[in-house]
């Protein structure tokens, strides 16, 4: 858990999540299309609150989001072993610039490279994820796999059966 065995406050957990997301820029986006789960490698950046923006040239993930907007974004450190990993799972609703053209302007506000968006406006599409639940795990320091879950500004803990008893 890397918080010395204590539950974080909602604001503290939110800050840890945002900090971790901003330290990284790539992850895996899980969607569901035609009755099958899918996973796509993506690059992202963080917007207002914990909103996530993804730029993409296209692909089936856009069809999947149109069919089912429930998505999960996984961002994690290198997987050393089941005891040494840090990451977040962002569960949320996704919208795309295919449905909402104003997402380009929104993404421009937060993009680390707005010039890239402007130069490729015709070929790029935007996905925006509005999180409703974020699962945070940090077992790098002490191997504690207790997950802290932020949902509706509340924190809950989920202990892993592999978590050592202290």
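A short reminder: the numbers here are calculations on the coordinates, not readings from a lab. Nothing here was measured: the structure is a model prediction, and the numbers come from that model. Don't worry about glycine lacking a Cβ; one is built from the backbone with ideal geometry, like all the others, and counts go over all protein chains shown.
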- Message: When the residues of segment 69-105 are narrowed to those that are touching a strand residue (DSSP E or B) at 6+ places or on another chain (Cβ under 7 Å) and outside any strand (DSSP E or B), which ends up nearest to residue 25 (Cα to Cα)?
- Response: 77
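Can we say residue 42 is in contact with a strand residue (DSSP E or B) (Cβ under 8 Å, 6 or more places away or on another chain), closer than 23 Å to residue 95 by Cα and in a strand (DSSP E or B)?
Details: in contact with a strand residue (DSSP E or B) (Cβ under 8 Å, 6 or more places away or on another chain): yes; closer than 23 Å to residue 95 by Cα: yes; in a strand (DSSP E or B): yes.
Yes.
Per-residue answers, yes or no, for (1) in contact (Cβ under 8 Å) with a residue 60 or more places away in the chain; (2) outside any strand (DSSP E or B):
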{"position": "115", "(1), (2)": "no, yes"}
{"position": "123", "(1), (2)": "yes, yes"}
{"position": "129", "(1), (2)": "yes, no"}
{"position": "133", "(1), (2)": "no, no"}
{"position": "142", "(1), (2)": "yes, yes"}
{"position": "145", "(1), (2)": "yes, yes"}
{"position": "148", "(1), (2)": "yes, no"}
{"position": "155", "(1), (2)": "yes, no"}
{"position": "161", "(1), (2)": "no, yes"}
- Query: Of all the residues that make up segment 35-85, how many are loosely packed, with under 13 Cβ neighbours inside 10 Å, touching a helix residue (DSSP H, G or I) at 6+ places or on another chain (Cβ under 8 Å) and closer than 30 Å to residue 143 by Cα?
  - Reply: 0
